Amino acid sequence: MPDAKDADPVREAAQAILEAALPAVPFDGWTDAVIREAAETAGVDRHRAKLAFPRGGVDLAMFHHREGDRMLAEELAAADLTGMRLREKVAHGVRRRLEIAEERREAVRRAAGLFALPIYGADGARLIWETADVIWTGVGDSSDDLNWYTKRAILSGVISATTLFWLGDESDGRADSWRFLDRRIEGVMRFEKLKAAVNANPLGKMMMRGPNWLASRIRKPGGGAAKDAPSDLPGGA
């Protein structure tokens, strides 16, 4: 599957197929048939379409999700968030990710159904992890120990729950979704305070020394593999 950051012929073909497929996805889902029809519409030959999406519809759905993450990463990198508290920055990142997907909400709904299937559950978990990483990185997270993983794991849960709520939200401006998100973020911040208290306590700090060391030995953030989900979490390598 093409990397969303690489401008190459395969990625260009993937983008053309995605744009041609999106009008059909809400009705037909993320399927191989949709890819074939979209490739024909976009003028992409079937061999290049296969290179772009070797597993078919699930790869197309993943490419769509990662395109949204790419847009969010670029937006957060350019944004001035200096006047916001951490909880506000994180909430802003989650909200903007959903707002980016607003025009394609029905396509997201079909993707949620696809990734709910056991065969694609790990793919869906990996995508949510990647979104959480985009948000934490975008708001300036510099943790380099067990916190790097726990922050992304916890935020993955917030993103999943908020996305499901958002998919069923018919309130004006999705206001109910943003209130739901604020409540979930409050839970994250309480956990962060608890972790800080544990690490500040001499006994707690001693107890966390082992897990922190293990996390740093497995995949230390900043290395090539650090941006992947750890292998013992859903969606890990």
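The values are calculated or read from the model by the stated rules, or taken from the named source; none is laboratory data. Bear in mind the structure is a predicted one, so any value in this text is a computation, not a measurement. For the accessible areas, the whole protein counts, side chains as well, though only heavy atoms, and no ligand, DNA or RNA atoms are used. Shrake-Rupley method; radii C 1.70, N 1.55, O 1.52, S 1.80 Å.
Apolar share of the accessible surface for the stretch 93-163: 55 percent from carbon plus sulfur atoms, 1.4 Å probe.
Rg over Rh for the stretch 1-83 works out to 1.07, both radii taken from alpha-carbon positions and Rh defined as the Kirkwood radius. Across the stretch 17-144, Cα-Cα distances exceeding 27 Å account for 27% of all pairs. Accessible surface of residue 82, taken over heavy atoms with a 1.4 Å probe and every protein chain present, rounds to 120 Å². Computed across the stretch 124-173, the Kirkwood radius stands at 11.7 Å (inverse of mean 1/r, all Cα pairs).
Our summary gives the stretch 25-64 a relative contact order of 45 percent, counting only alpha carbon pairs under 8 angstrom and 6 or more residues apart. 3J(HN,Hα) along the stretch 83-91: x, 10, 6, 4, 4, 5, 5, 5, 4 Hz, from the Karplus curve 6.51 cos²θ - 1.76 cosθ + 1.60 with θ = phi - 60°, whole Hz, x for Gly and Pro. Probing with 1.4 Å while keeping every protein chain in the model, the per residue accessible area of the stretch 55-134 equals 46 Å².
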